[in-house]
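Structure, as C-alpha coordinates:
The values are calculated or read from the model by the stated rules, or taken from the named source; none is laboratory data. Since this is a predicted model, take the numbers as computed values, not measurements. Ideal geometry is used to build each Cβ from the backbone, glycine not excepted, and the neighbour counts take in all protein chains shown.
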Amino acid sequence: MMNAKVHELLNQQINKEFYSAYLYLDFSNYFKAKGLDGFANWYMIQAQEERDHAMLFYQYLQNESQPVTLEAIAKPDKTFECHMDVLKAGLEHEEYVTSLINDIYAAAYDVKDFRTMQFLDWFVKEQGEEETNANDMITKMELFGSDPRSLYMLNQELAARVYTAPSLVL
Ligand code: MG
(Lines give C-alpha, C1' and ligand atoms only; values in the text may rest on other atoms or scores of the structure.)
Protein backbone atom coordinates (compact mmCIF):
# COMPACT_ATOMS: atom_id res chain seq x y z
CA MET A 1 0.00 0.00 0.00
CA MET A 2 1.53 3.27 -1.12
CA ASN A 3 1.54 6.20 1.30
CA ALA A 4 -1.11 8.80 0.33
CA LYS A 5 1.34 11.73 0.27
CA VAL A 6 3.87 9.82 -1.85
CA HIS A 7 1.09 8.80 -4.22
CA GLU A 8 -0.19 12.38 -4.50
CA LEU A 9 3.28 13.76 -5.28
CA LEU A 10 4.02 11.04 -7.86
CA ASN A 11 0.69 11.69 -9.55
CA GLN A 12 1.34 15.46 -9.58
CA GLN A 13 4.74 14.84 -11.15
CA ILE A 14 3.06 13.38 -14.27
CA ASN A 15 1.50 16.80 -14.80
CA LYS A 16 4.74 18.66 -13.97
CA GLU A 17 6.67 16.64 -16.55
CA PHE A 18 4.02 17.20 -19.23
CA TYR A 19 4.15 20.91 -18.37
CA SER A 20 7.94 20.74 -18.85
CA ALA A 21 7.34 19.27 -22.31
CA TYR A 22 4.91 22.10 -23.05
CA LEU A 23 7.38 24.71 -21.81
CA TYR A 24 10.17 23.33 -24.00
CA LEU A 25 7.84 23.20 -27.00
CA ASP A 26 7.26 26.89 -26.35
CA PHE A 27 11.05 27.45 -26.27
CA SER A 28 11.36 25.51 -29.54
CA ASN A 29 8.62 27.64 -31.02
CA TYR A 30 10.45 30.83 -29.93
CA PHE A 31 13.69 29.79 -31.64
CA LYS A 32 11.91 28.52 -34.76
CA ALA A 33 10.35 31.97 -35.15
CA LYS A 34 13.82 33.53 -34.82
CA GLY A 35 15.21 31.32 -37.60
CA LEU A 36 17.44 29.35 -35.21
CA ASP A 37 16.39 25.84 -36.22
CA GLY A 38 19.23 24.17 -34.32
CA PHE A 39 18.07 25.65 -31.03
CA ALA A 40 14.49 24.77 -32.00
CA ASN A 41 15.61 21.16 -32.60
CA TRP A 42 17.43 20.99 -29.27
CA TYR A 43 14.31 22.08 -27.35
CA MET A 44 12.02 19.88 -29.43
CA ILE A 45 14.08 16.87 -28.32
CA GLN A 46 14.06 18.21 -24.77
CA ALA A 47 10.25 18.26 -24.95
CA GLN A 48 10.26 14.62 -26.13
CA GLU A 49 12.39 13.67 -23.12
CA GLU A 50 9.94 15.39 -20.78
CA ARG A 51 7.04 13.42 -22.26
CA ASP A 52 9.10 10.30 -21.57
CA HIS A 53 9.56 11.41 -17.96
CA ALA A 54 5.81 11.94 -17.58
CA MET A 55 5.14 8.46 -18.94
CA LEU A 56 7.65 6.91 -16.53
CA PHE A 57 5.74 8.35 -13.55
CA TYR A 58 2.46 7.25 -15.15
CA GLN A 59 3.82 3.74 -15.74
CA TYR A 60 5.33 3.48 -12.27
CA LEU A 61 1.98 4.24 -10.61
CA GLN A 62 0.19 1.77 -12.87
CA ASN A 63 2.81 -0.91 -12.16
CA GLU A 64 2.20 -0.32 -8.45
CA SER A 65 -1.58 -0.67 -9.02
CA GLN A 66 -2.08 2.96 -7.97
CA PRO A 67 -4.74 5.20 -9.50
CA VAL A 68 -3.60 7.84 -11.98
CA THR A 69 -5.44 11.16 -12.23
CA LEU A 70 -4.64 13.39 -15.19
CA GLU A 71 -5.05 17.13 -14.64
CA ALA A 72 -5.09 20.11 -17.02
CA ILE A 73 -1.66 21.19 -18.29
CA ALA A 74 -0.92 24.86 -17.61
CA LYS A 75 -0.24 27.33 -20.41
CA PRO A 76 3.42 28.33 -20.81
CA ASP A 77 3.13 32.06 -20.08
CA LYS A 78 6.69 33.36 -20.14
CA THR A 79 7.63 36.15 -22.53
CA PHE A 80 11.19 36.51 -23.75
CA GLU A 81 13.07 39.69 -24.63
CA CYS A 82 16.14 37.85 -25.92
CA HIS A 83 17.62 34.38 -26.49
CA MET A 84 19.35 34.44 -23.10
CA ASP A 85 15.98 34.90 -21.34
CA VAL A 86 14.87 31.56 -22.74
CA LEU A 87 18.00 29.75 -21.61
CA LYS A 88 17.79 31.25 -18.11
CA ALA A 89 14.12 30.26 -17.86
CA GLY A 90 15.25 26.73 -18.77
CA LEU A 91 17.79 26.60 -15.95
CA GLU A 92 15.32 28.06 -13.46
CA HIS A 93 12.74 25.48 -14.49
CA GLU A 94 15.15 22.55 -14.11
CA GLU A 95 16.17 23.77 -10.65
CA TYR A 96 12.47 23.81 -9.77
CA VAL A 97 11.97 20.27 -11.11
CA THR A 98 14.98 19.11 -9.08
CA SER A 99 13.28 20.50 -5.96
CA LEU A 100 10.10 18.57 -6.85
CA ILE A 101 12.00 15.29 -7.27
CA ASN A 102 13.77 15.93 -3.96
CA ASP A 103 10.41 16.55 -2.25
CA ILE A 104 9.02 13.23 -3.50
CA TYR A 105 12.21 11.49 -2.44
CA ALA A 106 11.95 13.03 1.04
CA ALA A 107 8.32 11.92 1.37
CA ALA A 108 9.25 8.37 0.31
CA TYR A 109 12.20 8.36 2.70
CA ASP A 110 9.95 9.41 5.60
CA VAL A 111 7.75 6.33 5.18
CA LYS A 112 10.57 3.93 4.20
CA ASP A 113 9.18 3.51 0.67
CA PHE A 114 12.43 2.07 -0.68
CA ARG A 115 10.89 0.99 -4.01
CA THR A 116 9.85 4.55 -4.82
CA MET A 117 13.26 5.82 -3.71
CA GLN A 118 14.93 3.37 -6.08
CA PHE A 119 12.63 4.48 -8.92
CA LEU A 120 13.48 8.12 -8.17
CA ASP A 121 17.25 7.50 -8.12
CA TRP A 122 17.25 7.67 -11.93
CA PHE A 123 15.52 11.07 -11.80
CA VAL A 124 17.95 12.41 -9.19
CA LYS A 125 20.80 11.67 -11.61
CA GLU A 126 18.80 12.92 -14.60
CA GLN A 127 18.16 16.27 -12.88
CA GLY A 128 21.90 16.69 -12.34
CA GLU A 129 22.38 16.25 -16.10
CA GLU A 130 19.48 18.60 -16.94
CA GLU A 131 20.94 21.38 -14.78
CA THR A 132 24.39 20.84 -16.33
CA ASN A 133 22.90 21.04 -19.84
CA ALA A 134 20.96 24.21 -18.98
CA ASN A 135 24.09 25.81 -17.50
CA ASP A 136 26.14 24.81 -20.55
CA MET A 137 23.62 26.47 -22.85
CA ILE A 138 23.92 29.72 -20.89
CA THR A 139 27.73 29.57 -20.96
CA LYS A 140 27.77 28.96 -24.72
CA MET A 141 25.37 31.83 -25.32
CA GLU A 142 27.51 34.13 -23.15
CA LEU A 143 30.60 33.16 -25.14
CA PHE A 144 29.16 33.06 -28.68
CA GLY A 145 25.74 34.72 -28.65
CA SER A 146 26.81 38.25 -29.49
CA ASP A 147 28.74 37.29 -32.65
CA PRO A 148 26.45 36.25 -35.56
CA ARG A 149 28.96 33.80 -37.07
CA SER A 150 29.57 32.11 -33.72
CA LEU A 151 25.84 31.97 -33.07
CA TYR A 152 25.43 30.31 -36.47
CA MET A 153 28.02 27.67 -35.53
CA LEU A 154 26.36 27.08 -32.16
CA ASN A 155 23.02 26.72 -33.93
CA GLN A 156 24.60 24.10 -36.22
CA GLU A 157 25.94 22.22 -33.21
CA LEU A 158 22.50 22.12 -31.56
CA ALA A 159 20.93 20.95 -34.81
CA ALA A 160 22.91 17.71 -34.44
CA ARG A 161 21.15 16.64 -31.25
CA VAL A 162 19.18 13.42 -31.78
CA TYR A 163 16.52 11.86 -29.60
CA THR A 164 17.38 8.82 -27.54
CA ALA A 165 14.90 6.92 -25.40
CA PRO A 166 15.40 7.13 -21.61
CA SER A 167 17.77 4.56 -20.11
CA LEU A 168 15.18 3.78 -17.43
CA VAL A 169 12.77 1.07 -18.51
CA LEU A 170 9.92 0.02 -16.23
MG1 MG B 1 11.88 16.00 -16.62
Whichever residue in region 1-37 is more than 15 Å from the ligand (Cβ to nearest atom) and in contact with an Asp or Glu (Cβ under 7 Å, 6 or more places away or on another chain) and, among such residues, is nearest to V124 (Cα to Cα): V6
Matching residues, region 1-35, being not in a helix (DSSP H, G or I) and not hydrophobic (A, V, I, L, M, F, W, C): N3, K34, G35
Of all residues in region 122-149 being among the aliphatic types (A, V, I, L, M) and over 15 Å from the mean Cα position of the chain (by Cα), the one that is farthest from A165 (Cα to Cα): L143
Close pairs from region 136-165: first exposed (fewer than 14 other Cβ atoms within 10 Å of the Cβ), partner at pLDDT 95 or above and not in a helix (DSSP H, G or I), Cβ under 6 Å, at least 6 apart: none
Lone unmet requirement of (1) within 26 Å of F31 (Cα to Cα); (2) of a type in the set (S, T, Y); (3) away from the ligand (no atom under 16 Å from the Cβ); (4) not in a loop (DSSP other than H, G, I, E, B) for T79: (4)
Scan of region 98-135 for residues that are assigned to a helix (DSSP H, G or I), of a type in the set (A, V, I, L, M, F, W, C) and more than 16 Å from the ligand (Cβ to nearest atom), ordered by number: A106, A107, A108, F114, M117
Selected residue [β-branched (V, I, T) and within 23 Å of M84 (Cα to Cα)] from T164, T139, T116: T139
Test for A108: is it in contact (Cβ under 8 Å) with a residue 24 or more places away in the chain and surrounded by 14 or more Cβ atoms within 10 Å (Cβ to Cβ): yes
One residue from H53, H7 being crowded, with 16+ Cβ neighbours inside 10 Å and either modelled with pLDDT under 95 or touching a helix residue (DSSP H, G or I) at 6+ places or on another chain (Cβ under 7 Å) (or both): H53
Residue among S99, S28 that alone is surrounded by fewer than 16 Cβ atoms within 10 Å (Cβ to Cβ), under 23 Å from A134 (Cα atoms) and within 15 Å of the chain's Cα centre (by Cα): S99
Unique match (being touching a His at 6+ places or on another chain (Cβ under 8 Å), within 28 Å of V169 (Cβ to Cβ) and in contact (Cβ under 8 Å) with a residue 24 or more places away in the chain) among L36, L9, L56, L61: L61
Residue match in region 37-58 (condition: in a helix (DSSP H, G or I) and more than 22 Å from P166 (Cα to Cα)): yes
Residue match in region 83-97 (condition: modelled with pLDDT of 95 or more, within 13 Å of the ligand (Cβ to nearest atom) and of a type in the set (S, T, Y)): yes
